[in-house]
Amino acid sequence: MLDRTGRNITYMRISITSACNLRCRYCSPEDSSSGRDILTEDDIRRIAEAAVRLGVTHFRITGGEPLVSPILRDVIRTLKSIPGVSSVTLTTNGVMLEDRIPMLKESGIDGINVSLDTLDSKEFIELTGRDALESVLSGIRASVKAGIPTKINTVIRENTHAEALVSWASREGADIRFIEMMPIGYGRQYKNVSCDEIRETLERSFGEFTETFSDMAYENGPARYFRQENLAVRVGFISPIHGCFCSSCNRVRLTSDGILKPCLCYHSEINLKNMLDEGINDAELTKIIEDAILSKPEQHDFGSIGSITEKKNMVSIGG
Ligand code: SAM
């Protein structure tokens, strides 16, 4: 459906757990999981069906780390079985990915994004608290090998070694996207480096980039993609800070405790879990989600820290 500024909201990110097996410094340096995941598989099904009635066609499953959740397989199957759903994708840190590829493939996953910020194992440990770089790289390889569309997501920090990451991604056959650090949770403590700076660095190494358009329907979002003849894959940039992407924002978010978030920047009181527990029917649920979409702010205000009312860390929101 169209929101009040004419944006077509077709995409819902669903966090199925707040638990994570990494402790990334800018996301979740401490264990911020409540120890229980509040949304059940049935809650997720009902919310997803209501969203589909309103025109959502793409779901991305996130977390916490979705691969640690016992309901992942069933959630994928449930979402895939809803008439009108065109794709169900997954965002993961990749640590447990290699072994789970057969399950994901068999469940019909349409794409996997793997978060990878460095290829240096020492830096990986400093950043994530765990010696798991090789598992992540094996997970990406296994995903590509299984024929699943696979993308690497890199959050930009001051010392991002973008050339090394792009060369590796190109060799392995996985598109790579650079994402500006958002001032949400621990991300506020980081100096923001722009996508343009990364692109300039990459162009100095690889030659000029040419903008290309997304060829996957579900990607109809804020990333800009580029090709370079020396590279076998696309390089994408997501610039929430330096290139406010809000006019092309096509998404809403569902946190693992059942809060529906129309915008990443602002705190939301729309607690769908409470409403489901109180016995809301499907028509009422659909109306609540419709109203939430209509209330979606025109744009975030990441430029002014005081205006960011969201106090949750990214690990509880799902990115
Ligand atoms: N555990 C999964 C993973 O690592 O992809 C899914 C959840 S994680 C919260 C989703 C994404 O959010 C990751 O790519 C992570 O790097 C990104 N992220 C976390 N904090 C961020 C921030 N402040 N700004 C931008 N991206 C952030």
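Just so you know, all these numbers are worked out from the coordinates, no wet-lab data involved. Note that the coordinates shown come from a computational prediction; the quantities given were computed from them, not determined experimentally. Positions of Cβ are generated from backbone atoms using ideal geometry, with glycine treated the same way; all protein chains shown enter the neighbour counts.
Laid out as a table, the results:
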| read-out | value |
| --- | --- |
| Estimated FRET transfer efficiency when R0 is 22 angstrom, pair MET103-ASP131 (beta carbons, to 0.05) | 0.35 |
| In sequence order, calculated HN-Hα J values of the stretch 242-258 (Karplus, 6.51, -1.76, 1.60; Hz; x Gly/Pro) | 8, x, 2, 9, 4, 5, 9, 5, 10, 10, 10, 10, 10, 7, 5, 9, x |
| Estimated FRET transfer efficiency (SER304, ARG23; beta-carbon r; R0 30 Å; 0.05) | 0.55 |
| HN-Hα J in Hz across the stretch 303-319 - Karplus 6.51, -1.76, 1.60, θ = phi - 60°, x for Gly and Pro | x, 10, 3, x, 8, 7, 8, 6, 9, 5, 7, 4, 4, 8, 8, x, x |
| Cβ-derived FRET efficiency at R0 25 Å, SER295 paired with SER248, nearest 0.05 | 0.85 |
| Cut-off under 5 Å, modelled amide H: who pairs with THR212 long-range | TYR225, PHE226, ARG227 |
| Principal-axis tilt of helix 195-206 within the chain, Cα atoms, nearest 10 degrees | 40 |
| Residues with amide H under 5 Å from that of GLY318, placed H, sequence gap 5 or more | GLY64 |
| For the stretch 67-81, 3J(HN,Hα) per residue [Karplus equation, 6.51 cos²θ - 1.76 cosθ + 1.60, θ = phi - 60°, Hz, x = Gly/Pro] | 6, 8, 8, x, 9, 3, 4, 5, 5, 4, 4, 4, 4, 5, 7 |
| Cα-based shape type of the stretch 182-265, given that a ≥ b ≥ c are square roots of the gyration tensor eigenvalues and the cut on a/c is 1.5 | oblate |
| Gaussian network model of the chain, springs between alpha carbon atoms under 10 Å - residue of GLY221, GLY63, GLY258 with greatest fluctuation | GLY221 |
| Helix axis angle, 97-107 relative to the chain longest principal axis, alpha carbon, degrees | 50 |
| For the stretch 185-211 and the stretch 9-72, distance of Cα centres in Å | 28 |
| Most mobile listed residue (ASP120, ASP43, ASP301) in the chain, GNM with C-alpha springs under 10 Å | ASP120 |
| Choice from GLU163, GLU41, GLU30 showing the highest fluctuation, given a GNM over the chain with Cα pairs closer than 10 Å | GLU30 |
| Gap separating the Cα centres of the stretch 112-151 and the stretch 237-299, nearest whole Å | 29 |
| Relative contact order computed over the chain (Cα-Cα under 8 Å; 6+ residues apart), in percent | 22 |
| Simple label model, 7 Å out from Cα along Cβ direction - ASP74 to GLU278, nm | 2.7 |
